[in-house]
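S.K.: Once you've had a glance at the structure underneath, I'll fire off some questions.
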Amino acid sequence: MPSNGQTNWIEVDLEAIRQNVRRLLQITGVQVMAVVKANAYGHGLVEASRAAVEGGATWLGVARIDEALTLVQAGIPATPVVLGYTEPERACEAANQGVRLAVYDRMVAEAYAAGAKNAGSPLYVHAKFDTGMGRLGHSPKDGVEFIHWLKGLPHVQVEGVFTHFAEADEPQKPTTLKQLAVFDELLQGLNAAGLRPPLVHAANSAATILFPQARYNLVRPGIAVYGLQPSPTAPLPSGFRPALCWKARLASVKMFPPGHGLSYNYQYFTTREERIGVVTVGYADGFRRVAGNQVLVRGKRVPVVGAVCMDQCLVQLDEVQDARIGDEVILIGREGEEMISAEEIARQWGTIGYEVVCGLGARVPRVYR
């Protein structure tokens, strides 16, 4: 695929995103809110969101109001929901643009109502409850009273109620079932009082797959939309595929004699005459200074040697004698029979796949197909 002259770029398969959303709809049978925060997990906010909607998503979850407004301005035909905190002075703007806000605190909710007073439309909110995550959320113990109070606020419409799971990607632990029990008790109270909002959502990607009882009438997957595994203990079923491939180029190929130090602080010395290549990617792009990195050159795995620099790194090319300047280098993706996944890199870096793709630098161009 053409890189448009770039030396370090990300290719995003939009059809993979569409297909992944279709698969989620097929599995769940309920509405899908595709979570597209953090630049759509590194895939590109506007383009990935449009693909998710084309695949059938009717809601888009973001972390900040500016992400939501970018989607509105781009004309994406789905409703954005800000799942995190929003400054009260943005409430009027949110109401006018049809952006939904999360509420979990009376003081903030009152400030939202005051801010929405001068809007041309009511402010639609989703009430969040902390069932065990320990982050944002109102206490479920007086949740019925909270919803009753919210419904009495002027200029505010309560559209949804939701929670978030702490360990849904570790299904062997009892945490998710405990959180579900707390949330279901709240919903029963809301039903009895005639206060249940039209939308109920709780399931992230792992819960969407592993806990059917958590689907309610809307699921909120993130990582699965992009075809990545929630965790080793929460794999995706068949029918999903990764949407992202990260590539760079060989900028130099040289021979070095035995005992030659390479890169900053000479963390690597050649042990014999070695063929060394320079790759056009570094830690400023999101490729970490971690020992043991590998990349693909002409379909073969080669080790990264020496310290990763800000804009470049070095690879040992003795096993790829036909490598030449200008060759593509695969950092994430497949070439021939070999593949390096975001999950594999995450294991090497001691983190999770989410952090790998979310950490891909904004300066790295995204190319869409």
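Just so you know, all these numbers are worked out from the coordinates, no wet-lab data involved. Given the structure is predicted, the values throughout are model-derived calculations rather than measurements. All Cβ positions, glycine included, derive from the backbone under ideal geometry; neighbour counts span all protein chains shown.
S.K.: Give the value in nm², to one decimal: projected area of the alpha carbon convex hull of segment 149-222, averaged over all directions. Mind dumping the intermediate values first?
M.R.: On the way: hull surface 21.4 nm².
For segment 149-222, averaging the hull's shadow over all directions gives 5.4 nm².
S.K.: Let me understand segment 137-296 better: what is its radius of gyration from the alpha carbons, and its Dmax, in angstrom?
M.R.: Cα radius of gyration and Dmax of segment 137-296 are 25.6, 80 Å respectively.
S.K.: Can you tell me the alpha carbon radius of gyration of segment 48-111 divided by the globular rule-of-thumb value 2.2 N^0.38 Å? Walk me through the numbers on the way to the answer.
M.R.: Numbers: Rg = 12.1 Å, N = 64, 2.2 N^0.38 = 10.7 Å.
Segment 48-111 yields a ratio of 1.13.
S.K.: Could I ask something else about it? May I ask you to evaluate 6.51 cos²θ - 1.76 cosθ + 1.60, the Karplus curve with θ = phi - 60°, for each residue of segment 308-322 and list the ³J(HN,Hα) values in order in whole Hz, giving x for glycine and proline?
M.R.: Taking θ as phi minus 60°, the curve returns 5, 8, 4, 10, 8, 8, 10, 10, 8, 10, 4, 8, 10, 5, 8 Hz for segment 308-322.
S.K.: Quick check: residue separation of residue 348 and residue 184 times 0.36 nm, minus the Cα distance between them. What number comes out in nm?
M.R.: Full extension from residue 348 to residue 184 adds 55.1 nm.
S.K.: Kindly rank 217-224, 128-135 from highest to lowest mean number of other beta carbons found within 10 Å of each residue. Present the calculation step by step, with values, prior to reporting the outcome.
M.R.: Details: 217-224: 23.6, 128-135: 18.4.
Sorting 217-224, 128-135 by mean packing, highest first, produces 217-224, 128-135.
S.K.: Measuring from a point 7 Å past the Cα of residue 117 along Cα-to-C-beta, which residues in segment 79-99 have an amide N at less than 16 Å?
M.R.: Flagged as within label range: 88-93.
S.K.: Another question about this same structure. Gap in Å between the Cα centre of segment 306-369 and the Cα centre of segment 229-254?
M.R.: Taking the Cα centre of each part, segment 229-254 and segment 306-369 sit 9 Å apart.
S.K.: Treating the beta-carbon of each Lys and Arg as +1 and of each Asp and Glu as -1, no other charges, what is the dipole magnitude of segment 141-257 about its Cα centre, to the nearest 20 debye?
M.R.: In debye, rounded to 20, segment 141-257 gives about 700.
S.K.: Turning to a different aspect of this structure: Could you give the length gained on full extension between residue 318 and residue 85, defined as 0.36 nm per residue of separation minus the Cα-Cα distance, in nm?
M.R.: Values: separation 233, 0.36 × 233 = 83.88 nm, distance 5.20 nm.
Net length gain for the segment: 78.7 nm.
S.K.: Calculate the radius of gyration of the Cα atoms of segment 84-193 to one decimal place, then report Dmax, the largest Cα-Cα distance, as a whole number, both in Å.
M.R.: 14.8, 50
S.K.: Calculate, in nm to one decimal, what residue 15 and residue 177 gain on full extension: separation in residues at 0.36 nm each, minus their alpha carbon distance.
M.R.: Numbers: separation 162, 0.36 × 162 = 58.32 nm, distance 3.43 nm.
Additional length available on full extension: 54.9 nm.
S.K.: Using a Förster distance of 35 Å, how high is the FRET efficiency between residue 66 and residue 30, based on the Cβ-Cβ distance and rounded to 0.05? Please list the in-between numbers first.
M.R.: Numbers: r = 28 Å, r/R0 = 0.81.
It comes out at approximately 0.80.
S.K.: By Kyte-Doolittle mean hydropathy of at least 0.0 and Cα axial length of at least 24 Å, which whole DSSP H helices of the chain are selected? Don't skip to the end; give the middle numbers.
M.R.: Values: long enough: 175-193 (28 Å, 0.43).
Once both thresholds are applied, what remains is 175-193.
S.K.: When DSSP beta bridges are limited to those with both residues in the chain, what percentage is antiparallel, rounded to the nearest 5? Write out the running numbers ahead of the final one.
M.R.: On the way: 33 of 61 bridges.
Around 55 percent antiparallel, to the nearest 5.
S.K.: Rounded to the nearest 20 debye, what is the charge dipole size of the chain about its Cα centre when +1 sits on each Lys and Arg Cβ and -1 on each Asp and Glu Cβ? Mind dumping the intermediate values first?
M.R.: Values: 36 positive and 36 negative charges, 49 e Å.
The dipole of the chain has a size of about 240 debye.
S.K.: OK, next. From the Cα gyration tensor of segment 14-226, with a ≥ b ≥ c the square roots of its eigenvalues, which class applies: rounded if a/c is under 1.5, or else prolate if a/b is larger than b/c, or else oblate? Before the final figure, lay out the partial values.
M.R.: On the way: a/c = 1.89, a/b = 1.08, b/c = 1.74.
Oblate shape, in that a/c is at least 1.5 and b/c is the bigger or equal ratio.
S.K.: Next question, about the same structure. Given bins 5 angstrom wide, list per bin the percent of all Cα-Cα distances in segment 1-116, short to long.
M.R.: Over segment 1-116, the share of Cα pairs per 5 Å bin runs 2, 12, 20, 19, 16, 13, 9, 6, 2, 1, 0 percent.
S.K.: How would segment 244-340 be classified by its alpha-carbon gyration tensor: rounded, prolate or oblate, with rounded meaning a/c under 1.5 and the a/b versus b/c comparison settling the rest? All intermediate terms of the calculation are to be shown ahead of the outcome.
M.R.: Working: a/c = 1.83, a/b = 1.26, b/c = 1.46.
Because a/c hits 1.5 or more and a/b fails to exceed b/c, segment 244-340 counts as oblate.
S.K.: Another question about this same structure. If you average the alpha carbon positions of segment 278-304 and of segment 1-76, how far apart do those two centres end up, in angstrom?
M.R.: 27 Å
S.K.: While we're on this one: Express in % the proportion of alpha carbon pairs of the chain at distances exceeding 41 Å. Numbers along the way, then the final one.
M.R.: Numbers: 15581 of 67896 pairs.
Tail of P(r) above 41 Å: 23 percent of Cα pairs.
S.K.: May I ask for the equivalent-ellipsoid semi-axes of segment 85-124, computed as the square root of five times each C-alpha gyration tensor eigenvalue and listed largest first in whole Å?
M.R.: Here the semi-axes work out to 15, 10, 8 Å.
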